[in-house]
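The values are calculated or read from the model by the stated rules, or taken from the named source; none is laboratory data. Because the structure is a prediction, the values reported are computed rather than measured. Here the Cβ positions follow ideal geometry from the backbone for every residue, glycine too, while neighbour counts run over all protein chains shown. Note: accessible area is taken over every heavy atom of the protein model, side chains too, but ligands, DNA and RNA are not part of it. Shrake-Rupley method; radii C 1.70, N 1.55, O 1.52, S 1.80 Å.
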Amino acid sequence: MVPPGSRQVLSSGSENPAAAFGENILGAAAEGERIRLPDLSTVFENRAARLRALAPGHDLEGFLRLIAALVTAQHQALSALPPGSMPGASEIGKARLVQRAPLDPAVWSRDESWRVALSRILETVDLEVLPDSARVAREALMQADKDSLESLADRFLSGDVAAGDAAQSVFVAAALQVAWTRMAALLDAGDLAGETEGGDCPACGSPPVAGLISPGGTKFGHRHLHCSLCATSWRYTRVRCVHCGSTDGISFRNLAGTAYLRAECCEACQGYSKVFYLEKARALEPLADDLASLGLDVLVGEEGFARVPNPFVLGMMEPPEK
Ligand code: FE
Ligand code: FE
């Protein structure tokens, strides 16, 4: 469903925004709000609006419109969810003791909420923008029994999506995001651990979709990572690999002519993640802007760096080797 990114050239030269943000200070922890839980009234609406704004004239216009429609359906699905079962105080306390995220899919057993979200999404998504592959996937999911849906969810959550399941996985991802985002919004930020060794979400343990640098605190700005599953964001060291936690051997790549976005590349683990600069483009939304900049992933990937793919391209983009 996703064509390769546009053929742009990589640059590490003169239009580098690093100087203005003080990236020579390796590993300096930024100040600012430690953890921001998702706001259910706006999280999906803002994301859909940003996707619609990014779509016109984009190389991936059809794909961005498809995801915008899906995110709109996610917003509608939120209001129809059953109460759900939160991890209790004792489970949260236990997670804290063993330094695990309380909503880690490997720890917290999901209830039926996500399947309720899925059927709502399948019913309400705007069919006009769905390509044939997505229509076929939608039909198949509407017919699927509980066990095969649960197995699709397991495979998505373990990052193991085959190319043949990619179209169905897009809907499954959307439904799981709704369930996890709703749960994350009900947590107390004070119960969650601070910065982790790698850059995984303190609420659910999932990898971030991207980082946003905002001005404030020090003149270098803060970096917040944004969860790919539960939409929580958390402060993370300004220059530090989100995969292995290394602060050595970090370098940056950006597309020529694109100053608001760079890839932070790690020599230690050959991982990379995207960093968006809010001062350069204020309307950013991490998941939407990540999808709209897959061209950078293609180019950094050609250099041999890898990341955990955006949930909506899992099965289309190769995950890093474990
Ligand atoms: Fe999360
Ligand atoms: Fe690394």
key: Odd one out for R235 among (1) in a loop (DSSP other than H, G, I, E, B); (2) within 16 Å of ligand 1 (Cβ to nearest atom); (3) among the basic types (K, R)   = (1)
task = Might you let me know whether region 184-199 holds any residue that is on the phi > 0 side of the Ramachandran plot and buried (at least 23 other Cβ atoms within 10 Å of the Cβ)?
result = no
message = Being hydroxyl-bearing (S, T, Y), assigned to a helix (DSSP H, G or I), without any contact (Cβ under 8 Å) to a residue 12 or more places away in the chain and open to solvent by less than 50 Å² (accessible area, probe 1.4 Å) is the requirement here; does S151 meet it?
response = yes
message = As an exercise: evaluate W234 against (1) over 15 Å from the mean Cα position of the chain (by Cα); (2) among the aromatic types (F, W, Y); (3) within 21 Å of R36 (Cα to Cα) and give the number of the one condition it does not meet.
response = (1)
message = Test of understanding: among E279, E302, which residue is open to solvent by 40 Å² or more (accessible area, probe 1.4 Å) and either free of Cβ contacts under 8 Å to residues at least 12 places away in the same chain or not assigned by TED's automatic domain parsing to the domain that holds P207 (or both)?
response = E302
note = Filtering region 167-183 down to residues that are more than 30 Å from V136 (Cβ to Cβ) and either within 16 Å of ligand 2 (Cβ to nearest atom) or modelled with pLDDT of 95 or more (or both) yields none
key: Neighbours by Cβ (under 6 Å, 6+ apart or cross-chain): first from region 242-255, in contact (Cβ under 8 Å) with a residue 12 or more places away in the chain; second open to solvent by 40 Å² or more (accessible area, probe 1.4 Å) and not in a loop (DSSP other than H, G, I, E, B)   = R253/L10
query = Listed residues P102, P131; which is crowded, with 24+ Cβ neighbours inside 10 Å and not hydrophobic (A, V, I, L, M, F, W, C)?
reply = P102
task = Would you mind stating whether E264 is assigned to a strand (DSSP E or B), more than 30 Å from A69 (Cβ to Cβ) and of a type in the set (D, E)?
result = yes
ask   = Considering only region 204-232, how many residues are assigned to a loop (DSSP other than H, G, I, E, B), of a type in the set (G, A, S) and either modelled with pLDDT under 90 or in contact with a strand residue (DSSP E or B) (Cβ under 7 Å, 6 or more places away or on another chain) (or both)?
value = 3
message = One residue is enough: does region 238-247 have a residue meeting the conditions over 25 Å from R47 (Cα atoms), within 14 Å of ligand 2 (Cβ to nearest atom) and either assigned to a strand (DSSP E or B) or aliphatic (A, V, I, L, M) (or both)?
response = yes
query = Which of the residues spanning region 203-223 are open to solvent by less than 10 Å² (accessible area, probe 1.4 Å) and not aliphatic (A, V, I, L, M)?
reply = C204, G211, G221, R223
task = Return the residue satisfying two criteria in turn: it lies in region 44-91 and is polar (S, T, N, Q) and not in a helix (DSSP H, G or I), and of such residues it is modelled with the lowest pLDDT.
result = S85
